[in-house]
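All remarks here apply to the structure that follows.
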Amino acid sequence: MSPTAIPSTVESATPAVKEKSAKPDLRFKRLDITMKRHQYQPDALIEVLHVAQEAFGFLEEDVLDYVAHGLKLPLSKVYGVATFYHLFSLKPSGAHTCVVCMGTACYVKGGDKVLEKLQEELGIELGETTPDGKVSLMAARCLGACGIAPAVVFDGTVGGKLTPEEAVAKVKIWAGES
Amino acid sequence: MDLQELREIAREEKARQKPVRVHCCTSTGCRAADAMGIYGNLQAAVKEHHLEDRVEVIGVGCMGFCGRGPLVQIDPDDLLYEEVVPDQATSIIEAMNGGTAQPILGDSQHPFFARQTRVVREYSGKIDPERIEEYIAVGGYESLHKAIYEMTPAAVVEQISKSGLRGRGGGGYPTGLKWATVAKMPGDQKYIICNGDEGDPGAFMDRSILESDPHLVLEGMAIAGYAVGANHGYIYVRAEYPLAIARLQKGIQQAKKYGLLGSQIFDSPFDFKIDIRIGAGAFVCGEETALIQSIEGGRGNPVPRPPYPAEKGLYECPTLINNVETLANITAIIRNGADWYASIGTENSKGTKIFALTGKIRNNGLIEVPMGITLREIVEDMGGGVPDGEVKAVQTGGPSGGCIPKSMLDTPVDYDSLRQVGSMMGSGGMVVMDDSTSMVGIAQFYMEFCRGETCGKCVPCRTGTVQLYAMLSKILKRQATRDDLAKMEALCEMVRDTSLCGLGQTAPNPVLSTLKYFREEYEALLVEPEYLNGQAALHGVSA
Amino acid sequence: MDKIRFATVWLAGCSGCHMSFLDLDEFLIDLADLVEVVYSPVGCDLKDYPDNVDVCLVEGAIANEDNLELIYKVRRKTKTLISFGDCAVTANVPAMRNMLRNSAEGVLKRGYLELADANPQLPHAPGIVPELIDRVTPIHELVPVDIFMPGCPPSADRIRATIEPLLHGQQPQMAGREMIKFG
Amino acid sequence: MSVKTLKIDNQDIAVEAGTTIMEAAKEAGVRIPKLCHLEGLTPVGACRLCLVEIEGMNKLLPSCVTEVWEGMVIHTQTPKLQEYRRMNVELIFAEGNHVCSICVANGNCELQDVAVEVGMDHSRFPYRFPDRHVDLSHPLFGIDHNRCILCTRCVRVCDEVEGAHVWDVAQRGAAAYIVSGLNQPWGEVDACTSCGKCVDACPTGAIFKQGSTTGEKDADAPKFEFLTAAREKHQWTR
């Protein structure tokens, strides 16, 4: 990702936080509880971001802003940490996620072919979401499920010993949903 | 809690256990093939056949033979069923009353099992990882008691030193020496960190240990804490391992409830608490200084050593960092003594090592073998060789390791021998490759990995891996010349010698080792420079 | 002794390096005594790059098919090839279009369509206007280069310090701020 | 005060214990190339240009963070080090878009100087031409990511000296870049005091004063050594 500055960041962040004060958002409540549990220590940042990611689905700017205020951290530091780790996402993901394991065992057993076929079928690259917002295609470094290589995680369920065709068949079911 | 009470729990648990125990694997790998469905059906079948008094179904951790999972094993008959599907569960139970079981009956005496020496994995697949009582029933937490009441901290450190245990995370640093250094550091506040950020693709030993026998690691951490004078431990686990995290959380709670963790353990003045920290997807956090940064809530950027974490680690305090498997060895050493442990393995590599045997191999899964066993014994005898074709190479050590060619299969598996042949032990991934595997492709695969995982802090690793990846791609696209190959080798050496942390220093290893043993595959892809062709063909150079 | 067969070549660059070459002033007279200029946009009328050239200064990056054809020819027929100036050494300003995706198409669109005052149209004259290649490269990415003389442009002093030793069968010392500073 | 004696490039020297190799070399009048290190800021050992060879050690050590020890024998200019340094600078040039001829820092750029110092007359590695961004939203200054080498001097000077922590590093690996605030335009970051310290600390033309053109930037890197000394030793003149 190239450095892109979005001029509307601050404006878009503030209303959401204000809205929160008007109508308590339970998700922000969860953040409060987590931060309190960690006594608002700045070193709890990653733990709090985990909770935020789980509660909101992805890390919106207003959420990052909220966390930075809570833990008394500079905004750029929070942004730096949030973008360092693969598991934190700053963009919403699709309704379904398809995570292809690209560990060595899976690679040797054709995980790359599975990925290729999925990219072809979905018409997107790794890390992208289909234009209709239905499917996000991602890769994992290693799921540690090498015994059943090649493995793909479909919405949190691990599928093993997959052929490219089998993987595509699973994804096609989602595509058919309305 | 005292020793009497601990043994009472063990006695009660043994009395509670049924004579026939049906072990159903509930680890990540087998879950992918509906192990939970099998587990449920087995329980239902036991009920249906009114066998509750005699038979119990236990969800256990990994039995090792992951490639043939899901596995169901029955004690005391030592029957092993492979590739079970949920529908077959009833027949397995019916077989106890004289019926015939449908699933494939495996050979529990197969070299895959018979050749193993189980120290760390002794109870993996035998006990329910979610019940501390089962762990206590097999002697759990007795080592911790022994350490606290029968040994001084210095004596514990000495036992670990004498055992010859070396770090199982990759480097092979003598564990006792690390402990001794932290123990000698002044200061009231010290930390223990258990490194469970198992990131090598193709390796899942640590996941399996944490999923199968979490208390083994917790107890090892507590003993380490006692030995070096730390009362706070962190266990850093990859977020990709949710089951391991859940079982650790449960384990910590249960141990706290029994007074085996927390304040005044076994009514002694020794306090030890353990917190879990969950990684967020960064391979570099397996590097100890990066891991510390991450626990402190920052970007996982490694920092130059010295000072080593043993002197100045977490929150600037002396910190002992050991890998999961290293810590899982501790209780056995304390229980059986350093001499017993040192009798396993080779002169300079003591004990056993767990390997994740994967790739193009007939029997894939986890094996625990004594150090010094040859690659050939592992690959051919235990692994059953390559399904079709020939073994071409064995990759050990993941992105930091190298590819060992077929001709060197008689290399003993120990820290020094592997390093001598240009690879390394690493955390224990062992990926078998056959004739169909392109070694240049493998080198590119690992470089792609390192390129994606470099933190970006230091120049050689951040930009060198990108250039190396581009060079490998150019070779694979048949656009590279002999000069390009020479340039790539020089860059490999530069990245190896100048990078800040282990990730960069070892990133060129897969390239260097494949160049060493499979240079002809690279050379076959080289082309003459275009200007020599006598005509200016259009070119598609890309970076 | 036969005179040194000397050439200069102008590829994708602004010709500033050649202008700086002309700044050699009276040294040009000495040079003329020592060399035979066999190919040069500023010193010779020959249109074909000849065989057996001893020393050639090449200005500019490789940006189109003509550049490519010529540099291959220059390399095959030249003993000592000198990358002359930043465009030859780094591809410099001409290569800034490489930052665009599909750089050849992209730069033409930008220049002839988006920024056009009147009659926006893409140039199309096969056989007359050479086709752009997609990635502008420094010379040494395509052919071996013997001496690198960076600078935008290299000063006349630097040019003289580079070529003078060559005329006497010696190698220039390409080191230090005076000789190799970019820009 | 305890003293350590050591040898740098065959020159004997005695320095206070706790001195880094780089400081000792400075005392001995030996120049070691560097880019990420700036006196007055916490060293990070990231650029790897200041690596030196130490007799009896097979690892190269960064002189900005390594403290001297008794009897250390240091070599700063071995052929291996010279070759590695040159490759390192080539890698940096190939990574960004460093077009000296049109850069504000031309003639006053530490990267350009280091290139001359290590004898880099061309890059053997292909330039990557990344698509990077220029942010001119700040009323006084600008940041051109094309010229950034990720030395993090701006990050550290803003955090450690100014205390504003406007900057940090976002993303990782090749995608890493210097970020202001929550990836906001620099001009919209409240924390920025417009003190200009990052402009002075930047070794290249990446952070600059607006309105300056080719070759006009004149950064003041030694200022931070002075500033920290001023604060610690109460000496406000240089």
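The values are calculated or read from the model by the stated rules, or taken from the named source; none is laboratory data. All of these numbers come straight from a predicted model, not from anything done at the bench. Glycine also receives a Cβ, built like all others from the backbone with ideal geometry; neighbour counts cover every protein chain displayed. Just so you know, the surface numbers come from the protein's heavy atoms only, side chains and all, with ligands and any DNA or RNA stripped out. Shrake-Rupley method; radii C 1.70, N 1.55, O 1.52, S 1.80 Å.
State all residues of segment B:443-452 that are buried (at least 24 other Cβ atoms within 10 Å of the Cβ) and either at the interface with chain D (Cβ under 7 Å from one of its Cβ atoms) or touching a Cys at 6+ places or on another chain (Cβ under 9 Å) (or both); if no residue qualifies, say none.
Residues satisfying the conditions are B:A443, B:C450.
Considering only segment B:459-482, state which residues are open to solvent by less than 10 Å² (accessible area, probe 1.4 Å), of a type outside the set (S, T, N, Q) and at the interface with another protein chain (Cβ under 7 Å from one of its Cβ atoms).
Those that are open to solvent by less than 10 Å² (accessible area, probe 1.4 Å), of a type outside the set (S, T, N, Q) and at the interface with another protein chain (Cβ under 7 Å from one of its Cβ atoms): B:V459, B:P460, B:R462, B:G464.
Restricting attention to segment B:345-360, report how many residues are on the phi > 0 side of the Ramachandran plot and either modelled with pLDDT of 95 or more or touching a Phe, Trp or Tyr at 6+ places or on another chain (Cβ under 6 Å) (or both).
Result for segment B:345-360: 2.
Taking helices (runs of 4 or more DSSP H) that fall entirely within segment B:389-484, which contain at least 2 residues that are within 23 Å of D:R48 (Cβ to Cβ)?
Hits in segment B:389-484: B:439-453, B:459-476.
Among the residues of segment C:58-67, write down those that are touching a residue at least 60 places away in the same chain (Cβ under 8 Å) and in contact with a helix residue (DSSP H, G or I) (Cβ under 7 Å, 6 or more places away or on another chain).
If the condition is that a residue be touching a residue at least 60 places away in the same chain (Cβ under 8 Å) and in contact with a helix residue (DSSP H, G or I) (Cβ under 7 Å, 6 or more places away or on another chain), then C:V58, C:A61, C:I62, C:A63 are the ones that fit.
Here are some conditions: (1) in contact with a strand residue (DSSP E or B) (Cβ under 9 Å, 6 or more places away or on another chain); (2) modelled with pLDDT under 95; (3) within 11 Å of another protein chain (Cβ to nearest Cβ). A:E60 meets all but one. Which one does it not meet?
The one condition A:E60 does not meet is (1).
Being touching a residue at least 40 places away in the same chain (Cβ under 8 Å), more than 7 Å from chain B (Cβ to nearest Cβ) and either under 14 Å from the mean Cα position of the chain (by Cα) or more than 30 Å from B:T396 (Cα to Cα) (or both) is true for just one of A:L71, A:L122. Which residue is that?
A:L122
Kindly establish whether D:I92 is open to solvent by less than 10 Å² (accessible area, probe 1.4 Å) and in a helix (DSSP H, G or I).
Criteria met by D:I92.
Just the residues that are of a type in the set (K, R) and within 14 Å of chain C (Cβ to nearest Cβ), please, taken from segment D:197-231.
D:K217, the sole residue that qualifies.
Which ones in segment B:485-501 are crowded, with 20+ Cβ neighbours inside 10 Å and farther than 18 Å from D:L35 by Cβ?
Listed by number, the residues that qualify are B:M488, B:L491, B:C492, B:C501.
I want to confirm something. Restricting to segment D:159-186 and keeping residues that are facing another protein chain (nearest Cβ under 9 Å) and in a helix (DSSP H, G or I), which single residue is nearest to D:Q210 (Cα to Cα)?
Of everything passing the filter in segment D:159-186, D:W186 is nearest to D:Q210 (Cα to Cα).
Anything in segment C:128-163 that is among the hydrophobic types (A, V, I, L, M, F, W, C) and in contact with a Ser or Thr (Cβ under 6 Å, 6 or more places away or on another chain)? List them, or say none.
Of everything in segment C:128-163, those that are among the hydrophobic types (A, V, I, L, M, F, W, C) and in contact with a Ser or Thr (Cβ under 6 Å, 6 or more places away or on another chain) turn out to be C:I139, C:V145, C:F148, C:M149, C:C152, C:A156.
Only one of these conditions is not met by C:K79: (1) at pLDDT below 95; (2) surrounded by fewer than 18 Cβ atoms within 10 Å (Cβ to Cβ); (3) not aliphatic (A, V, I, L, M). Which number is it?
For C:K79, the exception is condition (1).
Residues are listed down the side, and each one gets a yes or a no for (1) of a type in the set (K, R); (2) more than 11 Å from chain C (Cβ to nearest Cβ); (3) surrounded by 21 or more Cβ atoms within 10 Å (Cβ to Cβ); (4) within 22 Å of D:A176 (Cβ to Cβ):
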position	(1), (2), (3), (4)
D:N58	no, yes, no, no
D:W69	no, yes, no, no
D:E83	no, yes, no, no
D:N88	no, yes, yes, yes
D:G96	no, no, yes, yes
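Quick one: which of B:G64, B:G37 is small (G, A, S) and either open to solvent by 10 Å² or more (accessible area, probe 1.4 Å) or assigned to a strand (DSSP E or B) (or both)?
Answer to the selection: B:G37.
In the set C:P94, C:P144, which member is surrounded by fewer than 16 Cβ atoms within 10 Å (Cβ to Cβ), touching a residue at least 60 places away in the same chain (Cβ under 8 Å) and within 24 Å of B:Y531 (Cα to Cα)?
Every option except C:P144 fails the conditions.
State all residues of segment B:241-279 that are assigned to a loop (DSSP other than H, G, I, E, B) and open to solvent by less than 30 Å² (accessible area, probe 1.4 Å); if no residue qualifies, say none.
Of everything in segment B:241-279, those that are assigned to a loop (DSSP other than H, G, I, E, B) and open to solvent by less than 30 Å² (accessible area, probe 1.4 Å) turn out to be B:Y241, B:G259, B:L260, B:L261, B:S268, B:F270, B:G279.
Quick one: what pairs do we get from segment B:182-196, first residue within 15 Å of B:A227 (Cβ to Cβ), second among the charged types (D, E, K, R) and not in a loop (DSSP other than H, G, I, E, B), C-beta under 8 Å, 6+ apart or different chains?
Between residues of segment B:182-196 that are within 15 Å of B:A227 (Cβ to Cβ) and residues that are among the charged types (D, E, K, R) and not in a loop (DSSP other than H, G, I, E, B), the close pairs are B:I193/B:E288.
Tell me yes or no: at least one residue of segment D:106-128 is away from chain A (no Cβ under 12 Å) and on the phi > 0 side of the Ramachandran plot.
yes
Check segment B:425-433 and report whether any residue there is out of contact with any Asp or Glu (no Cβ under 6 Å at 6 or more places or on another chain) and open to solvent by 10 Å² or more (accessible area, probe 1.4 Å).
Scanning segment B:425-433, I find no residue that is out of contact with any Asp or Glu (no Cβ under 6 Å at 6 or more places or on another chain) and open to solvent by 10 Å² or more (accessible area, probe 1.4 Å), so the answer is no.
So, in segment B:190-213, of the ones that are in a loop (DSSP other than H, G, I, E, B) and within 24 Å of B:C450 (Cα to Cα), which residue ends up farthest from the other protein chains (Cβ to nearest Cβ)?
B:D197
Given (1) crowded, with 16+ Cβ neighbours inside 10 Å; (2) farther than 20 Å from B:Y531 by Cβ; (3) within 12 Å of the chain's Cα centre (by Cα), identify the lone condition not met by C:V9.
With respect to (1) crowded, with 16+ Cβ neighbours inside 10 Å; (2) farther than 20 Å from B:Y531 by Cβ; (3) within 12 Å of the chain's Cα centre (by Cα), C:V9 is out only on (2).
Of D:V73, D:V104, which residue is out of contact with any helix residue (DSSP H, G or I) (no Cβ under 7 Å at 6 or more places or on another chain), β-branched (V, I, T), buried (at least 21 other Cβ atoms within 10 Å of the Cβ) and over 26 Å from D:G173 (Cβ atoms)?
D:V104
Here is a yes/no grid of residues against (1) in contact with a strand residue (DSSP E or B) (Cβ under 7 Å, 6 or more places away or on another chain); (2) more than 10 Å from chain B (Cβ to nearest Cβ); (3) open to solvent by 40 Å² or more (accessible area, probe 1.4 Å):
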{"residue": "A:P92", "(1), (2), (3)": "no, yes, yes"}
{"residue": "A:A95", "(1), (2), (3)": "no, yes, yes"}
{"residue": "A:C98", "(1), (2), (3)": "yes, yes, no"}
{"residue": "A:M102", "(1), (2), (3)": "yes, no, no"}
{"residue": "A:V108", "(1), (2), (3)": "yes, no, no"}
{"residue": "A:L118", "(1), (2), (3)": "yes, yes, no"}
{"residue": "A:L126", "(1), (2), (3)": "yes, yes, yes"}
{"residue": "A:T163", "(1), (2), (3)": "no, yes, yes"}
{"residue": "A:A167", "(1), (2), (3)": "yes, yes, no"}
